[in-house]
Amino acid sequence: MSINFGILSPFRLKISFSRLQTFVGLAAGVLSIAGALAAFLRPAPDKGVLMAIVQDAQTERAVSDATIEILTPRDALVKTLTPDWSGKARCTLDEGRYRLRVSHPRYRAEVREVQLISRENTEVRVQLRAGDPLGRSIRRLFHH
């Protein structure tokens, strides 16, 4: 069976019904996959996305082996993250206030207060500064 679209278009197209069904099915599949992907990547209604970016304060290079602790305002641990190769770590959390504590053996720890809002991305840049030379000397003395 073929369908003539001559009435709808100045072009005379003859498309078989099975080809039309295939095209419509394929388009519906692509749209449903795209919709599912969009729903998956968007945070839940009462959640926000936290993106932490950790860098060396002097060189602005990524610090990928830092430890990022997400804490409640009363210092209860919520989650621990490790940045990727680019110094970025991402997580989805409930809306609310948090403390971010970023630490690394070669740097002084940094703490940031963060307010997450539902359905919004919050980016926090943390630049780590080298630890104090006296503390490093004492550690070297006792560890060697």
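Numbers below:
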quantity: Matching entry among Ala28, Ala52, Ala34 (being modelled with pLDDT of 95 or more and either within 24 Å of Ser118 (Cα to Cα) or surrounded by 10 or more Cβ atoms within 10 Å (Cβ to Cβ) (or both)); calculated: Ala52
quantity: Residue match in the stretch 65-81 (condition: in a loop (DSSP other than H, G, I, E, B) and surrounded by 16 or more Cβ atoms within 10 Å (Cβ to Cβ)); calculated: yes
quantity: Complete set of residues in the stretch 62-89 that are over 15 Å from the mean Cα position of the chain (by Cα) and in contact (Cβ under 8 Å) with a residue 24 or more places away in the chain; calculated: Ala62, Val63, Asp65, Ala66, Thr67, Glu69, Leu71, Thr72, Pro73, Asp75
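The values are calculated or read from the model by the stated rules, or taken from the named source; none is laboratory data. These figures come from a predicted structure and were not determined experimentally. No Cβ is skipped: glycine too gets one built from the backbone with ideal geometry, and neighbour counts run over all protein chains shown.
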